[in-house]
1. With a cut-off of 8 Å between alpha carbons and a minimum separation of six or more residues, what is the relative contact order of the chain in percent?
2. I want to verify a result. In a Gaussian network model of the chain, Cα cutoff 10 Å, which of these has the top mean-square fluctuation: 55, 170, 256?
3. Extension gain residue 12-residue 34, at 0.36 nm per residue separation less the Cα-Cα distance, in nm?
4. So if I take the centroid of the Cα atoms in the stretch 80-102 and the same for the stretch 21-41, what is the distance between those two points in Å?
5. Say each of residue 225 and residue 97 gets a label point 7 Å from the Cα, pointing the same way as Cα to Cβ; how far apart are those two points in nm?
6. Based on other C-beta atoms within 10 Å, arrange 246, 229 from fewest to most.
7. Between the alpha-carbon centers of the stretch 165-183 and the stretch 104-125, tell me the distance in whole angstrom.
8. Provide the percentage of antiparallel DSSP beta bridges, counting only those with both residues in the stretch 138-311; round to the nearest 5.
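No lab work stands behind these numbers, since they all come straight from the coordinates. Just so it is clear, the model here is predicted, and its values are computed rather than measured. For neighbour counting, all protein chains shown are included, and Cβ atoms are generated from backbone atoms with ideal geometry for every residue, glycine included.
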Ligand code: CP
Ligand code: NVA
């Protein structure tokens with residue numbers, strides 16, 4: 001049976017680390033003008049990767065199509081207006097048919113159960129390209145970004161060069177409890193990173209999801225921790241990185257007015273960081289697309305603090321590492337590290 005990537009929970013800490021380090025290495029190689037190893041750059045030659053997206057996408061679409069092309073494959077984008085799914089054909093029938101003709105399948109869905117059902121009935125690896133619960137491709141890009149920005153500093157401080165070297169970093173998430181947060185939190189615990197989460201009481205993490213996040217295991221000597229609060233300044237205390245996402249995810253548009261009201265006081269600003277006592281050199285991250293209400297222009301466009309453009313570009317390198325791990329190497333990831 002093929003191995004799928006539906007959430008960061010599907011990866012061991014070592015596998016997650018390997019994917020991030022492979023993404024890092026491929027980025028270095030290609031950006032310095034060198035080529036990927038011939039066997040990798042032709043690994044999907046003559047093969048097709050299906051991309052069924054039932055929601056809009058800029059980053060996930062562009063990064064996936066680009067990564068498939070760089071391995072010599074053909075990405076086939078199938079928007080919700082293009083195929084029979086949901087109108088004339090069931091998810092089961094669609095899963096059997098599409099997977100019989102392609103080598104891998106990236107699916108952007110609403111309910112997470114949809115991508116789980118595709119995976120259950122697909123004969124090829126299925127990669128979650130965003131569901132209502134998880135966004136693993138984003139998380140891999142996010143930790144690649146954190147690795148690039150923080151690892152070198154920590155090596156200078158005399159840390160041991162093992163894994164990603166991010167143990168003890170603190171992420172503060174201020175905003176909605178959503179798909180992007182859940183995989184970020186799971187990865188944090190797997191990598192020994194602390195994550196402190198502030199959401200309004202009315203929009204806190206559902207208890208079953210919090211249990212799933214807390215069940216993430218780590219192999220780092222000092223485990224990461226997760227704390228939750230309803231007070232934004234409390235979450236940012238001592239944080240290295242402040243992170244947020246939209247307050248109105250795709251599919252929640254009808255809740256917009258109520259959400260904007262519920263999230264008053266949760267905008268990430270310089271004042272919030274100061275009031276809460278974030279670390280002096282704190283950085284800002286956001287998966288994008290961004291709206292002004294969740295982060296001020298001052299923070300979002302602050303070239304010294306904001307990592308958002310690097311984070312977006314890193315989606316390409318994350319997609320490449322995921323294709324390599326799940327499609328080219330058929331899910332055998334651990335020990336394939338190049339970094
Ligand atoms: N961050 C992200 O997944 O963006 P898109 O919705 O544009 O793919
Ligand atoms: N939470 C957002 C992420 C978009 C990339 C959404 O689900 O719409």
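1. Contact order relative to length: 23 percent.
2. 256
3. Gain in length upon complete extension: 4.9 nm.
4. A separation of 34 Å, based on Cα centres.
5. Inter-label distance under the simple model: 5.3 nm.
6. Neighbour counts put them in this order, fewest first: 229, 246.
7. After rounding, the separation between the Cα centres reads 25 Å.
8. So the antiparallel bridges in the stretch 138-311 amount to around 0 percent.
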